[in-house]
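Shown next, in structure tokens, is the structure this report addresses.
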Amino acid sequence: MSQYYFLVSSLPYLTKDSTVQLTVSSFMELCREQLTKNDLNIIEKCSLDNFIIGKNINSTYLRWQLWEINLRNELLKLRSQKKGAQQDKYLVSCDRIIETDEVARNAFNQASPLDAENMMDNARWNLIESMEVGNYFNLEKLILYSLKLQILEKKASYNKELGIKEFNMLKQTKLENIKSGENIYGQL
């Protein structure tokens, strides 16, 4: 197993409230310079939204993916129940992780989507920190660091004014479509 003492020790310390000092792309450039080809291939696939579960996946990243899939499945169940919609065809089959139930319920009950996303990001961060125990200078540490950077970049991209503008544009488009009699949800 490869150890990356220099790379890990040169990375800035991250907290939930850190400002982005190192971008994901800059981090990946450092990884390209110092990781083995196999380790680089693994870390390049690590993403907050990449859910390709295969045979040759790193066990740390697999644990992350299973937790995230469980969280999203629970949110889907809650939203489907509220809307009275079908959920089975959208659920992703995987081993069940009970800890995500409470996170999903708390996020679902938040006053705004931003509050819900911030709450889930805090839970994600806490999971990553618990997974860092025992991983100090190895590939697993770099995978977890990459996920933390992705969370921080996502949080830094939130823009209230832009969000309100996008919401109002979507609302206006929906109203125009309703007035014109167009089915905005596609064919039923």
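The values are calculated or read from the model by the stated rules, or taken from the named source; none is laboratory data. Treat the numbers as computed from the prediction; the structure is a model and nothing was measured. Here the Cβ positions follow ideal geometry from the backbone for every residue, glycine too, while neighbour counts run over all protein chains shown. Surface areas here come from the heavy atoms of the whole protein model, side chains and all, with no ligands, DNA or RNA. Shrake-Rupley method; radii C 1.70, N 1.55, O 1.52, S 1.80 Å.
Just a few scattered comments:
- Added length on full extension, which subtracts the Cα-Cα distance from 0.36 nm per residue, SER80 to SER2: 23.6 nm
- Loop-located chymotrypsin sites (Phe, Trp or Tyr not before Pro) in segment 95-188 (DSSP state other than H, G, I, E, B) with a sparse environment of at most 11 neighbouring Cβ atoms within 10 Å: TYR158, TYR185.
- Of ASP88, ASP101, ASP39, the one that fluctuates the most in a GNM where the chain has Cα springs shorter than 10 Å: ASP88
- Take the chain with all the other protein chains still there, run a 1.4 Å probe, and you get 64 Å² of accessible area per residue.
- Above-threshold pairs, the threshold being 31 Å between Cα atoms, out of LYS82/LYS179; LYS77/LYS165; LYS89/LYS141: LYS89/LYS141
- Between the residues PRO113, ILE42, ILE57, the greatest Cα displacement towards the positive end of the dipole of the chain, with unit charges on the Cβ of Lys, Arg, Asp and Glu, is found for PRO113.
- Calculated [θ] (222 nm, deg cm²/dmol) that DSSP helices of n ≥ 4 give over the chain, each run adding -39,500 (n - 2.57): -20500 deg cm²/dmol
- Farthest toward the positive end of the dipole of the chain, out of ILE164, GLN87, SER10, is the Cα of GLN87, where the dipole comes from beta carbon charges about the Cα centre.
- Computed E for THR173/GLN87 - FRET, C-beta separation, R0 25 angstrom, nearest 0.05: 0.40
- Label point distance in nm, LEU162-ASN50, each placed 7 Å from Cα along Cα→Cβ: 2.3
- With DNA, RNA and ligands ignored, accessible area of ARG72 (1.4 Å probe; Å², nearest 10): 90
- Backbone amide hydrogens, once placed in the peptide plane, bring ASN138 within less than 5 Å of TYR4, excluding anything fewer than 5 places away on its chain.
- Rounded to the nearest 20 debye, the dipole size of the chain about its Cα centre is 520 debye, using +1 on the Cβ of Lys and Arg and -1 on the Cβ of Asp and Glu.
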